[in-house]
1. Multiply the residue separation of LYS146 and ALA177 by 0.36 nm, subtract the distance between their alpha-carbon atoms, and state the gained length in nm to one decimal.
2. Can you tell me the length gained on complete extension of the stretch LYS193 to LYS157, counting 0.36 nm per residue apart and subtracting the Cα distance?
3. Set the Förster distance to 30 Å, then compute FRET efficiency between SER303 and THR95 from the Cβ-Cβ distance, nearest 0.05.
4. I want the local charge near GLU112. Using Cβ-Cβ distances under 12 Å, sum +1 for each Lys or Arg and -1 for each Asp or Glu among the other residues.
5. List the residues, sorted by chain then number, that are 5 or more residues from GLU275 or on another chain and whose placed amide H is less than 5 Å from its amide H.
6. Longer than 24 Å from Cα to Cα, which of LYS251/LYS280; LYS106/LYS285; LYS150/LYS216; LYS141/LYS323; LYS146/LYS315; LYS156/LYS250 are they? Say none if no pair is.
7. Taking N as the number of residues in region 116-214, what value does Rg over Cα atoms divided by 2.2 N^0.38 Å take?
8. At 7 Å along the Cα-to-beta-carbon direction for both SER211 and SER108, put a label point, then send me their distance in nm to one decimal.
Amino acid sequence: MTDILRNNWFVVLIAIIIIGFIGYFIYDTNKDNVSAKSSNNEQVVASIDKDDITANDLYDESAPYDGSTIYNMYKNAVIDQSIETTKDIKKQANTLESNIKSNASKQSDDYESTLTSELAKYGYSSFEQLNDYCITSVKEKEMNKKYITKHFDEVKKAWEEKSPRTVSIIKMEVSDADNLTETETKKKNNIDKALEKESFADVAKAFSEDSNTANKKGFAGYVDSNSTSSDSSSTSTVPADVVTAAINLKKGETSDWVTVTNSSGTSLYRVYVKETDSNKIFNAKNDTVSNQALYAILNSDSSLSYKILDSYAKKLDIKFNDKDTKKKFDNYVKTTYGGDQV
């Protein structure tokens, strides 16, 4: 439950406009509108453009005054002031909030307390500030998208090394892959014959037994070499062994039958590689694909998210009024991202 915000954000990114992925948090910009070294008799430890972060913002019963807390508040202040909060962003944030609450309520009867504790680690004082978190999550996605689009040729190399591609699948459930029944053998042969004459999409629509993709003409979406990890394959539509087969194919090629056995039983798969061009994948009309590509690019370079944030931060008037706060921020950035400090 402690990672429910992060986990549900990734799920919502995939399902709605997406998610995905990442627990991003924001302090309440409406409560601290000040412009000096104190605000309502509170010490201002940092100023970012027109907004201040006070000492009290960094403290709460469950949130330590540490580098990660300072960095998260700094990050979210930069995001908040760099990306305009449009009606579309608010709409996406509201949907995200609704989905987080829905998923959290299924995991715990006391989900509000759990989410409140999680938010407190990043400077939030109440469960009601969940929408602030959601707004900034959507805004950060927008910020990352803008930067990567502009600097695509510079940031794509590490991602391309992971062989990004989109794939389609045909799934056929069997009782024993080594001893097919007469009915199973007939269906397998029918699929093979159909693939010789028809498109993979048409055959998948007609024969595939995968409920998630059959009605999409077999389209299973984005995969790369990271999709073969145990964490990814446990929830992915495409099993790790099938991804491995796809990675070894070129655009337009179809694999031989791949046997997959898991807790659900045994299945046979054929996988087709639909696209391998990184630019086309990143700019795909399919929102799920383009957003999965976005987060795959971010994950391919551990320092990229900081580089993006720093590029936007340099456009703002940022001041650290407290030396200890600045030192903790610098140490966190250096240790976590190896980046230059503000």
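1. Length gained, LYS146 through ALA177: 6.4 nm.
2. On the way: separation 36, 0.36 × 36 = 12.96 nm, distance 3.92 nm.
This chain segment gains 9.0 nm when fully extended.
3. Working: r = 31 Å, r/R0 = 1.02.
So the FRET efficiency works out to roughly 0.45.
4. Working: positive: LYS101; negative: ASP109, ASP110, GLU118, GLU128.
Surrounding charge for GLU112 is -3.
5. When sequence neighbours closer than 5 places are left aside, the close amide H contacts are THR166.
6. Numbers: LYS251/LYS280 13 Å; LYS106/LYS285 32 Å; LYS150/LYS216 32 Å; LYS141/LYS323 31 Å; LYS146/LYS315 15 Å; LYS156/LYS250 19 Å.
The answer is LYS106/LYS285; LYS150/LYS216; LYS141/LYS323.
7. On the way: Rg = 23.7 Å, N = 99, 2.2 N^0.38 = 12.6 Å.
For region 116-214, the normalised Cα radius of gyration is 1.88.
8. 2.9 nm
The values are calculated or read from the model by the stated rules, or taken from the named source; none is laboratory data. Predicted model, so just to flag it, every value in this text is computed and none were measured. All Cβ positions, glycine included, derive from the backbone under ideal geometry; neighbour counts span all protein chains shown. Surface accessibility is based on the protein's heavy atoms, side chains included, excluding ligands, DNA and RNA. Shrake-Rupley method; radii C 1.70, N 1.55, O 1.52, S 1.80 Å.
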